[in-house]
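Readers should treat all values here as calculations from the given coordinates under stated rules, not as data from a laboratory. Note that the structure is predicted; figures quoted are calculated from it, not measured. Methodologically, a virtual Cβ is constructed for each residue, glycine included, from the backbone with ideal geometry; neighbour enumeration extends over all protein chains shown.
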Ligand SMILES: Nc1ncnc2c1ncn2[C@@H]1O[C@H](COP(=O)(O)OP(=O)(O)OP(=O)(O)O)[C@@H](O)[C@H]1O
Ligand SMILES: [Mg+2]
């Protein structure tokens, strides 16, 4: 067996450094399933948030978080995305999301991150539960000025019959991928990636490790009732659309060493959805 020479080691190190450089300016979505306990109303996982922010702080341009047991819970209570809701009820969901985003923001500030919180209710309009219009001019200008942005799944005005509806963190990842054109978009959830079936319900589910965006939708089965935003099916369709722009990775947000390995360009467990 041939031993590694200095030249080989140098080229491995360079490759690793190059891979690390590639994994900067990311868009990262912190799943609500990671940063909150979805089983108990408004229960943040403060330590998990702090650890993730510590690992990710120099790596992202846009950090997005989901609703978890904040937004989803209150959204369910008021019937958001199921029936027309009043301004007052929409506001309850918004306030709940504000409580969660303030926790994430505080963690970021503990790490001295320079980041601007922008809420989708101010730049997104839906129609019949679907994205209708994004007022993106200000976002484009922030990008040009090198801003880092924190945003989150939110309630937005819906000009269809519902009055208000959800703009999910997953859809925001698509909106920001279009504007920021990152090297990759990373989704962190409470399982190891995208499986052929729901891994919590079906033990025969297999992790999809590497797949192209165009093959993804056919390769998976998911429950469609996981949350108010359409569950895994909608998430996978959104990821497919993001993969038309850039590579997407879905990783377990609880497995911090795995996340660090990924960010260092080492082997990791997760799903890679290749662009195209
Ligand atoms: N084929 C599948 N592969 C992976 N997870 C799946 C699949 N089908 C269903 N799921 C479920 O989807 C869940 C993740 O989606 P969920 O919307 O609950 O989390 P999230 O997006 O992190 O939270 P939030 O919407 O609050 O940001 C997992 O816990 C898993 O049980
Ligand atoms: Mg979700």
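Taking 19 Å as the cut-off, the amide N atoms of region 180-197 that come nearer than this to a point 7 Å along the Cα-to-beta-carbon line of residue 244 belong to 180-186. Distance between the modelled labels on residue 59 and residue 10, one decimal in nanometres: 2.9 nm (7 Å Cα→Cβ projection). A Cα-only calculation for region 24-274 places Rg and Dmax at 16.9, 49 Å.
FRET efficiency for the residue 256 to residue 128 pair, using the beta carbon distance and R₀ = 30 Å, is estimated at 0.15. Sorting the segments 140-152, 176-188 by their residues' average number of neighbouring beta-carbon atoms within 10 angstrom, most packed first, yields 176-188, 140-152.
The GNM of the chain, with springs linking C-alpha atoms under 10 angstrom apart, assigns the highest mean-square fluctuation among 201, 130, 121 to 201. In terms of surrounding Cβ atoms within a 10 Å radius of their Cβ, 60, 123, 70 rank from fewest to most as 123, 60, 70. Which of 114, 240, 57 moves most in a GNM of the chain, Cα contacts under 10 Å? Result for the chain, Cα springs under 10 Å: 114 fluctuates most. Convex hull volume per residue, computed on the Cα atoms of region 120-179, equals 67 Å³. Extension gain, residue 51-residue 86: 0.36 nm per intervening residue step, less the Cα-Cα distance, totals 8.9 nm.
Of the beta bridges DSSP finds with both residues in region 24-274, what % are antiparallel, to the nearest 5? In region 24-274, approximately 35 percent of DSSP beta bridges are antiparallel ones.
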